[in-house]
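Chemist: To start, I am sharing the structure in question, which I have written as structure tokens.
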Amino acid sequence: MRIAIGADHAGFDLKTTLVEWLGAAGHEVIDVGTGSTAPADYPDFAQKVALTVRGGTADRGIMLCGSGVGASVAVNKVAGVRGAVCHDTYSARQGVEHDDMNVLVLGARIVGVALAVELVEGFLDASFSNDERHRRRLDKVRQLEEVNWSEADDRRSI
């Protein structure tokens, strides 16, 4: 599988470890940065991961920052990208199976290496269920992306 991976300075060390692990596991890794622990802004790398996934250069993405929260917010600003911060294996797997999550976000200051590897394994081993209820919900998410929201539209319902 082709995996885009990125991190800000807080996620750099864990990203380095995951890049090595992913390569050893036979995945093609597309490292979009950062390349050091020097302060860096997570939205820059979240955008690179998200666009690499959306463009089809990568099958899935992994993004790391300190807590995972900021990077999760940022990747979801790119239409077609469905990312979530996951710190438990159930969510990492179920996010793909039910929500077709294509970017896993991790908080490098929250999870250790062993748990991070378990989370990535669950994320990469999972497949979208394609159940009717999950397709219906995913279609509604896509509709939300297509709306040109303004304050006048706040009462609109999909």
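Chemist: Across the chain, where is the longest run that never hits trypsin sites (Lys or Arg not before Pro) in a DSSP loop with at most 13 other C-beta atoms within 10 Å?
Modeler: For trypsin sites (Lys or Arg not before Pro) (loop position, at most 13 other Cβ atoms within 10 Å), the longest site-free span of the chain is 1-76.
Chemist: Moving on. Show me the GluC sites (Glu not before Pro) within region 18-122 that DSSP assigns to loop and that have at most 12 other Cβ atoms within 10 Å of their Cβ.
Modeler: Loop-located and lightly packed - none at all.
Chemist: When a/c is below 1.5 the answer is rounded, else prolate if a/b is larger than b/c, else oblate, so apply that to region 70-111 with a ≥ b ≥ c taken from the square roots of the Cα gyration tensor eigenvalues.
Modeler: Cα axes put region 70-111 in the oblate bin.
Chemist: Then there is this: Hey, got the Cα dimensions of the chain along the principal axes, in Å, largest first?
Modeler: Computed over the chain, the largest-to-smallest principal extents equal 45, 34, 28 Å.
Chemist: If we restrict to alpha carbons, what Rg and Dmax does region 1-70 come to, in Å?
Modeler: Rg and Dmax of region 1-70, Cα atoms, are 11.1, 31 Å.
Chemist: Which of the chymotrypsin sites (Phe, Trp or Tyr not before Pro) found in region 1-100 are in a DSSP loop and have at most 16 neighbouring Cβ atoms, other than their own, within 10 Å?
Modeler: none
Chemist: So, one more: If each residue of separation counts as 0.36 nm, what is the full-extension length gain between Asp88 and Arg2 once their alpha-carbon separation is subtracted?
Modeler: Length gained, Asp88 through Arg2: 28.7 nm.
Chemist: Stretch Leu144-Glu28 to full length: gain in nm at 0.36 nm per residue minus the Cα-Cα span?
Modeler: Here the segment from Leu144 to Glu28 would lengthen by 38.6 nm.
Chemist: Given the Cα-Cα distance of Ala38 and Lys77 and 0.36 nm per residue of separation, how much length would full extension add, in nm?
Modeler: 11.6 nm
Chemist: Under the rule of -39500 (n - 2.57) per DSSP H run of 4 or more residues, summed and divided by the residues of the chain, what mean residue ellipticity at 222 nm is obtained, to the nearest 500 deg cm²/dmol?
Modeler: Result for the chain, helices only: -14000 deg cm²/dmol.
Each reported figure results from applying straightforward, stated rules to the coordinates on display, with no laboratory input. All of these numbers come straight from a predicted model, not from anything done at the bench. Glycine gets a Cβ as well: all are built from the backbone with ideal geometry, and neighbour counts include every protein chain shown.
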